[in-house]
2 protein chains.
Amino acid sequence: MSSESNTHFTVLKTDPASAARRCELRTRHGTVQTPVFMPVGTQGTVKSLTPTQVKETGAQIILGNTYHLNLRPGPQTVRALGGLHKFMDWDGPILTDSGGFQVFSLSKLRKITEAGITFASHLDGARITLTPRSCLDIQSALGSDIAMVLDICPPFPATKRDVADANRTTLRWANEFLCHATDDGFLAAGHHVFGIVQGGIYDDLRRECAEALSQMDFPGYAIGGVSVGEPEPEMLQQVAASTPFLPHFKPRYVMGVGTPPQLLKMIALGADMFDCVMPTRLARHGTAFTPDGTINIKNEKFKLDEAPLVEGLDNYTCRRFSRAYLRHLYVAGEMLSSTLLSIHNIHFFQDLMRQAREHLEAGDFTPWSREWIARYEAGEAARKQRR
Amino acid sequence: MSSESNTHFTVLKTDPASAARRCELRTRHGTVQTPVFMPVGTQGTVKSLTPTQVKETGAQIILGNTYHLNLRPGPQTVRALGGLHKFMDWDGPILTDSGGFQVFSLSKLRKITEAGITFASHLDGARITLTPRSCLDIQSALGSDIAMVLDICPPFPATKRDVADANRTTLRWANEFLCHATDDGFLAAGHHVFGIVQGGIYDDLRRECAEALSQMDFPGYAIGGVSVGEPEPEMLQQVAASTPFLPHFKPRYVMGVGTPPQLLKMIALGADMFDCVMPTRLARHGTAFTPDGTINIKNEKFKLDEAPLVEGLDNYTCRRFSRAYLRHLYVAGEMLSSTLLSIHNIHFFQDLMRQAREHLEAGDFTPWSREWIARYEAGEAARKQRR
């Protein structure tokens, strides 16, 4: 493979028919092969799984939520206990978000000033202010391998004026965050900081933001605000409007999305990294991913079904349990249902990314991906029609 | 070791200072080393654990609840799916209870006749009748390695007359169950059936029942009705009043108990097998077992405690996680808390039984056991005083 390199990031191969690429991202806790999907460990645990089970799904890197960990157990507690890696016993890379997104989605009372965001904890109402300074300090205390700048994530829909105003603050905070990370020696110690492209559904604002952030020379870039309730075409357009204006030799991470076909479509637009609670959240509601779309395990038709969730898929759940048993666990309200479906769903996402990487290496990502998406979407459409 | 044998059961060694013994019980799914503690897999799963995790605790044999599995998913469903072992992917021995105990503890509406027990399902109110015939058929459909006879478990307290009346029915049903198990070829196929000694707190009724059941030549015997709310001295007295009148060369199983010291005390009275939901139920409430009694992990004092639950204990939870992390998981309401505490608690019981077996082999069970109990009970007493 020919390769083009930055110190911490190598583009190993690009797709001849799309903007997709096969890359490597080096972190303090090991190298990540991209495209990559990161399971979400909201409160210092990927819900219902041991770190051993998470690793067995093929996960290379996980995400920790700064908002949640800041409230409980608190960054100083995590630091005193040796950092998030040791605390939760995950020795691979950890990316932490900035907490900004949860402030907007979980906290009712909030106020944005030039200095930062003040909000009330959803746990006990305590007033907390996040600034670029404190946001870095929290992620530093956690020992994050990849920290995210504090940003403002406008809702969907929002007026162009509101989004433009928010972007000015986002850019100022990004710059301030990066200066602190430099001055503190956080970057020099090998931690990465990603800037976040905002701009809502306005292509020119996305471009402006991406170009301004590119000037700041971050180790990587995220595309934020694409999972706030907009339809899929708008979601993809926001990625398409951002990636061309980001540096080629830096990783690109689309935050908080998406379905398996959406991941492949965003890879084709040049995205490298993804995180989403979907595999674990849907698992807890009895939904499992298959190459023909999702199935709900509580369906009566699985009562005597001896087949695994997906024939031939090499994960603990598919190797050892029938759909009938998984249905029984779900119907009986057993916790093991969440565990086994989460193992399967996360592995399904990991396996999809593995296939994407292999097809990028083989040079046939685009035709393979089109076929994969067509089968999945046909299955989903048929399932919706039957309802 | 000198040994004395029955076809399926060998007494390898007896304790010089008590009625304790070190034995082996052979089943269709392997040999069980006793004394043994059986984790409870109520609904076809040991709550919050994969079968791999259950096995890693050192568990040799688990228990399935006939009452629950009969209601959901139903014995015919389990049979169609290859039996309970295959259904839940547990390849070791499984003991199933008769369902009688749950009828009394979970179902409101119930009626006992000469033929059996009629009750209303706690799930949907459906009227169900358990007879010795149907009770065997259900356990046979599940593929139980050790089936229990249908019995009547009187509440505590109950009058002597009521207990004596119940015992007459229990004995008649035991005989009927054993005849069916013989006629069906269930015993000849290597499945075991255990009779159940009842008699409440009345020593003479316990003895009568034990002697009558011994005449029937069951492959093993259970002592039932000792976990229905009586204080510890009464609980132990019920075991002490039963074991001397049971055959030496047959296994003895005390149903549904107890704390770690109670297990050791019952072993000294000649008991071989135990089951209890305590390790998993307390785990879900944040309680962990230690050699110095139980601790509740939600206690503020564990907030920065880097030590494992029990120093040096070789289980997944103790090897990899601090008390501080386990406290965080519990306080944050994370499911992984139940999983990790269940792993620890079940392993703690398994490890205690392993030590008991080793000290029986070494001939010093009684002094070791006394010391173990003293330390545990001193810790519990100190903890209660601090509250």
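Here, each number is a calculation from the coordinates, and none is a lab measurement. Owing to the predicted nature of the structure, the values given are computational and were not obtained by experimental measurement. Virtual Cβ from ideal backbone geometry, glycine too; neighbours counted across all protein chains shown.
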Sorted shortest first, the nm distances from the B:ALA17 label point (7 Å along Cα→Cβ) to its counterparts in the other copies are 8.0
Calculated from DSSP helices alone, with each H run of at least 4 adding -39500 (n - 2.57) and the total divided by the residues of the protein assembly as shown, [θ]222 nm to the nearest 500 comes to -13000 deg cm²/dmol
Debye calc, one equal point scatterer per Cα of the protein assembly as shown, no solvent, log10 I(q)/I(0) at q = 0.05, 0.10 1/Å comes to -0.32, -1.01
Straight-line reach check, B:LYS384, cutoff 23 Å on alpha carbons, 8 or more apart in-chain or any other chain, hits among lysines -> B:LYS265, B:LYS298, B:LYS301, B:LYS303
Shielding of B:81-90 by other chains, given as the mean Cβ count within 10 Å, works out to 3
GNM of chain B, Cα pairs under 10 angstrom: of B:HIS192, B:HIS347, B:HIS122, the biggest fluctuation goes to B:HIS122
The ratio Rg/Rh over the Cα atoms of chain B, Rh being the Kirkwood inverse mean 1/r radius, stands at 0.96
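Rounded to the nearest 5, what is the percent of antiparallel bridges among the DSSP beta bridges in chain B?
Working: 24 of 46 bridges.
Beta bridges within chain B, antiparallel portion: roughly 50 percent.
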Taking r as the C-beta separation of B:ARG383 and B:GLN355 and R0 as 22 Å, the FRET efficiency to the nearest 0.05 is 0.50
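Report, as an integer, the average count of C-beta atoms from other chains found within 10 Å of each Cβ along A:199-210. Write out the running numbers ahead of the final one.
Values: counts 0, 0, 0, 0, 0, 0, 0, 0, 0, 0, 0, 0.
Counting other chains' Cβ atoms within 10 Å and averaging over A:199-210 gives 0.
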Expected response for nearest chain A Cβ to the A-B rotation axis, distance in whole Å, is A:MET335, 3
Expressed as a whole number, the average count of other chain Cβ atoms within 10 Å around the Cβ atoms of A:331-340 is 6
Checking B:LEU340, B:LEU123, B:LEU25 against a Gaussian network model of chain B (alpha-carbon springs below 10 Å), the top fluctuating residue turns out to be B:LEU123
With one decimal in nm and the nearest listed first, the spacings from A:TRP368 to its own position in the other copies, using label points 7 Å along Cα-to-Cβ, are 5.7
Output row for A:PRO231: copy-to-copy label distances, label 7 Å along Cα→C-beta, ascending, in nanometres, one decimal, is 7.4
